[in-house]
Structures are given as C-alpha cells and as structure tokens.
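Comments concern the structure below.
Each value in this text was obtained by applying a stated rule to the coordinates, not by laboratory testing. Owing to the predicted nature of the structure, the values given are computational and were not obtained by experimental measurement. Neighbour counts are summed over all protein chains in view; Cβ atoms, including those assigned to glycine, are modelled from backbone coordinates with ideal geometry.
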Amino acid sequence: ARYIQPNGPTHRFWLVYDIDRPGAAIDWSDRGAPPPSITAKNPENGHAHLIYGLKTSVRTAPDAKSAPLRYAAAVDCALQRVLGADLGYSGLICKNPLHPHWQVTTWEPRLYTLADLDSWLDLEPAQDRRKRLPDYGLGRNCNLFEQLRLWAYRAIRQGWPDFEQWQAACLDRALMYNAGFAASLDHQEVRHVARSVAKWTHQHLDAASFSAWQSIQGTKAGIRSG
C-alpha cells in the first residue's frame, strides 16, 4: 500500500509530520530540529512525511495518565512548530516508507525517547497546565479528554441517566468537540474517549454520592462561618 496507518487508537509509536514544501526531507537540519528516523519524499514535488520513532510508545487511550500524555503532546506540538509542519494534518495515515513510489531516507536508526526529543525543543509554552495545548496531534487527545471530562461532571447531574443513554450523550458531545478541531481525531479515538469518560462518571458520580458531597460542603461552610 502506498499509504498506511502508522498508529492505532490506543498507542502512539510514531510521530509523523506532513511538510508541504520543496526540500522538506532535508531542511529540518536548517531549522534546528532533531534528525527524523525516516523521511518519505514525494519525488514529484519534494513534499515529505517526517517520521520519528519512539522507543517507548505513548498511551493515548483515555485511561492513560494525564501528565505523561501532556508531556508527549507538548513535544509533539513543539516539533510541529520547529518543522513548520501542516497544522491540518490529522496523522491518521502517512506515506509508506516500504513502498517504492516514495524516495526514502533513514537519518536516525535509534529510536527516540521523549527526553531525547525534548532536548532539541522549547517546551516553555506548554508548562502552564491551565492553558490548552494547540489542537494538533497529541494535543487534540489531551484537549478532547479535558473538555469532555469537565462537561460530564456537570451534565450527569441533569437526571442521572442510565448508562446507555449517558454514553450516547458523551459520544455526541465528544463528536461536537472533535468537529471543532482544525483536523479531527479518528472516529474510533473519539469513541474510546467518550466511553471512558462515560464509564468513569457513571460509576463514581450518582445522586446519592452527590448529595453526600453537598452535605459535606455545607458542613464545612458552616464551620468556616462559625
């Protein structure tokens, strides 16, 4: 196949960047970017996909720990900025380096750790965790989860729906958020996020526990005022 899907919905093994300009396969060095693992260049126009292989994959499923995922997303977004890669690229498919149509070069045979890539990049813009990451690459995964999670904490109180109804509502909301990204996440990824948020909130937030929490908050408020 001329194009392949490099990553599944739950793990990121490869960071892929779409560079739509002549010289894309070699000008990463002029930009101060780390050497790609592989470049796959279109011989007709010089545009290329730059592919970075990760020594340890990044878990992107909703049960992934938020701090490592945000760190990986910050690296991903910083690489996009340095490379001047296409912000609209979804990352779902890339040029297959094993297909003879592309001009392929291997630059760095060793796989990268996130710390290796970090040493080439400026991650300062992502240090404030209160700020959203750019809606690019792994940044979309982080932003979708945070948006949906915060919405779900409030919305589930409106009637305490059964699980099937609640899961459908979470999926509808997740699809709406996803449609707002310049490049949408794959539908299967959105389904994973929606199901995870729906499952957790339905198991941990119910009318009885919310009433108990309100009672505790009321008691604390009374102590403070007294």
Stretchable slack from R110 to N45, in nm (0.36 nm times residue separation minus alpha-carbon distance): 20.5 nm
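Once the mean 1/r over all distinct Cα pairs of the chain is inverted, what Kirkwood radius in angstroms do you read off?
Values: mean 1/r = 0.0515 Å⁻¹.
Taking the inverse mean of 1/r over all distinct Cα pairs, the chain comes out at 19.4 Å.
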Angle between the chain longest axis and helix 163-179 axis [Cα atoms, degrees, rounded to 10]: 40
For segment 3-126, diffusion coefficient by Stokes-Einstein and Kirkwood Rh (Cα), 4 °C, 1.567 mPa s, µm²/s: 88
Spatially close lysines, pair count over the chain: Cα under 20 Å, gap of eight or more or interchain: 4
Relative contact order for segment 67-173, counting Cα pairs under 8 Å that sit 6 or more residues apart, in percent: 40
Span from the segment 52-95 Cα centroid across to the segment 137-162 one, whole angstrom: 21
Packing rank of 169-180, 153-164, where each peptide gets the mean count of other beta carbons within 10 Å, highest leading: 169-180, 153-164
J(HN,Hα) series, segment 5-21, from Karplus relation 6.51 cos²θ - 1.76 cosθ + 1.60, nearest Hz, glycine and proline x: 9, x, 10, x, x, 10, 9, 10, 9, 10, 9, 10, 10, 9, 10, 9, 7
Cα→Cβ-extended label distance, 7 Å offset, between W120 and Q5, nm: 2.8
Relative contact order (percent, whole number), the chain, Cα cutoff 8 Å, 6+ residue spacing: 22
